[in-house]
Each structure stands twice: as structure tokens, then as C-alpha cells.
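Asks: Mind having a look at this structure? Questions to follow.
A short reminder: the numbers here are calculations on the coordinates, not readings from a lab. This is a predicted model, so every value here is computed, not measured. So basically every Cβ, Gly included, is an ideal-geometry build from the backbone, and we count neighbours across all protein chains shown.
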Amino acid sequence: MKAIALGLLGMAAVLYGVASMLQSRHPGWGYVAAFSEAAMVGAIADWFAVVALFRHPLGVPIPHTAIIPSNKDRIGENLATFICANFLSTPQVLDKLRGFNAAFKLARWLADEMHAKQVAWPLGALVRYALSALDDVRVREFFKANVLEQVGRLDAATLSAQLIEVLTTDGRHQALLDAVLRKLANMLDHDEVKARVSDAIANEVKYLRFVGLDNVAGRYATSKLVAGLISLVGEMADKPQHPLRLQFDEFTASFAARLRTDPELRTRFDAIKHELLQSPALGRYLQGVWSEVITWVRSDLEREDSSLRAGTAEAVRMVGLRLLGDVAMQAWINEQLLAQAPRLIERYREDIRQYIIARVAEWNTQEMTVELERNIGRDLQFIRINGTLVGGSVGLLIHTVTQLLSERLA
């Protein structure tokens, strides 16, 4: 494109020389001379303008030339301000988010089986790496020392009291107690349990074995005992105000209060806690469990048909499917995004602006100039070409109007 623009300038110069020599022979050559002269002026002026953007024309440091290299930092700042003002303003981003429907797009993406696997694979790799890094004797000893130290500082008695109070406040434990009692009644009414109780009673009444009444006594006692227990447990399950249940509630409340206030009970609790924490058997057990879990997880994740990875992918896909069918949840996610977006935009917009400014400031001036010229220079050469043609046309028009006015005035 430079060659074409330069060629047009050369053609205009040659044409001007020829027209100037032949102008006396025919008036028409004057028009050609005017066209070519103005074309040269336009070509040279636009060449100067294009070159002045990137460097000093002919190496002469004329003021206000080499505009881009001289104003690189200011251009970066203006560019950053323009981007933040016109692309990252809060109303514009919020309008885009409202029409984007991020929750639906996320749900549709997660519901795709391939995408779910794409999520599961890096998660599996991350877990495998983390386990490999953590499966080190130094890490185990560090966590053992620090975790056990922190656990040792806990007020176990008070925490236990708080836990009991939370579980029993407003009768929250009653439903669980009902389920346990009914399960116990069903278990006691099982033939296998009855047989075991019969054998135990028969062993305790060995003196009846000599008269052959041991099994009879065992079965009889068992039937009576189990029937009584089932009746008692059933009553307790059906009657919230049963005396035994009330006694249990009183004992629970009393025990929680004693855990807070009884020095002897609190001391016993702490002694049990410290005994457990200092037990070598507990340390070996926890380390053994930790190593087995790590080994199993790592071996599973190393397989192509990893059950953990498959389960993770299926869980991700199910979340996507559930979210895809739950319009209310999608609306909630979008609402939360829109609610948090203004704060995040305001928080990070200036950071983005400063980042752009800093990045432009770090660019090498010569490399940036060459790169810009390489990308937009072809289009800029059209300015020179158009300047040649438009300048020539304007020169021809001026010469024509001048000749017409001269003829009329004459």
C-alpha cells in the first residue's frame, strides 16, 4: 500500500512536469497541470500526517509529530478511562446482566454431561494433588500437634452442655426419641432377639436343667420380659408425658446444667478428654484411618473409571438439571448477582482502569509503534491515496472556476 501511494505521487509529479511543458501548446494542459499539482500537495500533506502519527517525518523533530510514541502514557490513560466509562459503568453492566440470565445459562451448561465431566476432572486432579502433598509425615505431625493442642484447649464440658441444650430446646429431641423407641420396640419383638434372650435366661437358671425346665423357663421368662418391655416402650413412644420420658428430660436438663456448674463433673470430663488425646492408640488409629482414606481416594482417582469422579460429575449434572427446572431458584441467583454486582463494579472498576494504564505504560514504545503501524498502517495508506486523488480533484475544480471567472471578467 505504501508503494501504491508513493507510485501515485510519482505519477502526479511526472504528469505535472509533462503538463507544464505542454501547457503553452493547448489550454487543456493547464487543467492537467492544476490537477497534478494539487494531487502532489495532497499526497505530500497526507504522507506527512500519516508519518507524524508514528515518527518524526524524515527524522526531523518537528513539534507535534511522533504523536503516538510521545503520548503513549496519556493515550493509555484516556483509553482506560474511555473503556471504564463506556463499557464498565454500573447501569450498562446491570442492563447487560439483566438480559444475560446467568443462572439459566449456568444451569444449562452444568446439566450437559460433557460439561459435568469437565468440572469433575480438574476437581479430581486437584484433590489427588492435595492428598499427595498432604500425605507426608511432616504434615501429619504438624496437624497432629496443632489440632490436638487446639482440641485440648477446648472447654469440652461447656460445649457438651451447649450441644445438649441446643438439641433439647423446644422439645427438638422428642421426635428423635419417638423414632428410637419405636425402633427399639420392633427390634425386641424380633424372633432372633427373643431366642437370644431365652438362651441367656436359660444359662442363668442352670439348676433347672436337671429337671428339663431350663428352656421352658427361658422361653416363658423371655415372652413375659419382652412383652413387658414392648408395652413399656410403646407407652413411652405414644405418651409424651410418660413419667419415664419426663424423668429423661429432667435428667438431660440437669446433666447439662451440671456440665456448666459442677466442678467435679467438669474435672472428670477434662480428664477423659486429655486421656483420649494423649493416648498413643488414638494417634495410631487416626493416622491409620487417614492413610487408608488417602490411599483409597488416590487409587480411585488414578483410574479412568473413577467412582469418585463419576459421582462428582453426576452430582454436578444433577445440580444443573435441578436448577434448570427450578425457575424460582434461577430468579434468586440472578437477583443475588444483580444485588452484588454494583458493589463489585464500583470496587474493581478503578482497579481495571489502573491496570490498563500500567500495562500501556509498560509497553516498549518502539514495539508498540511498530505493532500499531502494522495493524492499521494499511488503512492509513488509503489516506495518502485519497489525499492524492481528492487533492487533484480540488485543484482541478479551483483551476476551472478560476478560468471561468477570468473569462467572464475579461
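Asks: Name every residue in the range 33-92 that is assigned to a loop (DSSP other than H, G, I, E, B) and more than 20 Å from residue 368 (Cβ to Cβ), in order of residue number.
Replies: 60, 62, 63, 88, 89
Asks: Another one. Please go through the range 54-78 and pick out each residue that is in contact (Cβ under 8 Å) with a residue 12 or more places away in the chain and either loosely packed, with under 15 Cβ neighbours inside 10 Å or acidic (Asp, Glu) (or both).
Replies: The answer is 64, 67, 73, 77.
Asks: Just to be sure I understand, how many residues within the range 67-94 are among the acidic types (Asp, Glu) and within 30 Å of residue 318 (Cα to Cα)?
Replies: 0
Asks: Still on this structure, please answer the following. Here are some conditions: (1) of a type in the set (Gly, Ala, Ser); (2) touching a residue at least 24 places away in the same chain (Cβ under 8 Å); (3) farther than 15 Å from residue 393 by Cβ. Residue 39 meets all but one. Which one does it not meet?
Replies: Only one criterion is unmet by residue 39, namely (3).
Asks: Residue by residue through the range 327-347, note down the ones that are within 15 Å of residue 108 (Cα to Cα), touching a residue at least 40 places away in the same chain (Cβ under 8 Å) and not small (Gly, Ala, Ser).
Replies: Residues satisfying the conditions are 329, 330, 333, 334.
Asks: Checking the conditions here, which among 81, 65 is in contact with a His (Cβ under 6 Å, 6 or more places away or on another chain) and more than 30 Å from residue 328 (Cβ to Cβ)?
Replies: 65
Asks: Any idea which residue in the range 37-53 is nearest to the chain's Cα centre (by Cα), counting only those that are under 20 Å from residue 381 (Cβ atoms) and surrounded by 19 or more Cβ atoms within 10 Å (Cβ to Cβ)?
Replies: Filtering the range 37-53 for residues that are under 20 Å from residue 381 (Cβ atoms) and surrounded by 19 or more Cβ atoms within 10 Å (Cβ to Cβ), the one nearest to the chain's Cα centre (by Cα) comes out as 50.
Asks: Just need a number here: residues in the range 316-343 that are within 20 Å of residue 119 (Cβ to Cβ), touching a helix residue (DSSP H, G or I) at 6+ places or on another chain (Cβ under 8 Å) and hydrophobic (A, V, I, L, M, F, W, C).
Replies: Adding up the residues that qualify gives 8.
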